[in-house]
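Data block below; observations after.
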Amino acid sequence: MAGPAAVHPLLPRFGQAITGVLCVEALVFQTWPAVAVALALLVLDLAAPRWSPVAWLFRLVSRPSRALAPAAPARFAEGAAAVGLAGALGLLAGGLDAAGWSLVGAVAVLALLAALGLCLGCVAYRRLVRRGGPGRDAHAA
């Protein structure tokens, strides 16, 4: 199922803030279930954005926006975060705690930067599109 072509410009930031906070909580308290929750929220948002608890909560607290932002860069960044968190959980399950928590920390930093407006996953997506990568986006240039 394809996701939306455009989203409220603050929705991706809101979702990345939640991911970042969950990852920081997991790091501080060394709790892998928080990583699993962050991963589940990301996967649900990617697989069924209409049913995402993060999107539902955002709709409750936000005002409608007149301008929409392209969804593809944010979805790419969310997918990268999901891959990172899945890898971190695999490393933690395999007993490689230092590597797993390091990966959780990297995802936390990148997610919080994205929440503040510096989405490195979005930048990577746009560069891939310019090179003829994963898809075409009207706002990629």
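A few comments on the model shown:
- Hits in segment 42-51 (condition: over 12 Å from ALA82 (Cα atoms), in a helix (DSSP H, G or I) and not aromatic (Phe, Trp, Tyr)): PRO49, ARG50
- Inside segment 21-41, residues that are under 14 Å from LEU103 (Cα atoms), in contact (Cβ under 8 Å) with a residue 24 or more places away in the chain and assigned to a helix (DSSP H, G or I) make up a count of 9.
- Tabulated pairs, segment 59-76, first within 12 Å of PRO9 (Cα to Cα), second among the aromatic types (Phe, Trp, Tyr) and at pLDDT 85 or above, C-beta under 6 angstrom, 6+ apart or interchain: PRO73/TYR125
The values are calculated or read from the model by the stated rules, or taken from the named source; none is laboratory data. Everything numeric here is computed off the predicted structure, so don't read it as measured data. We place every Cβ from the backbone using ideal geometry, glycine too, and count neighbours over all the protein chains shown.
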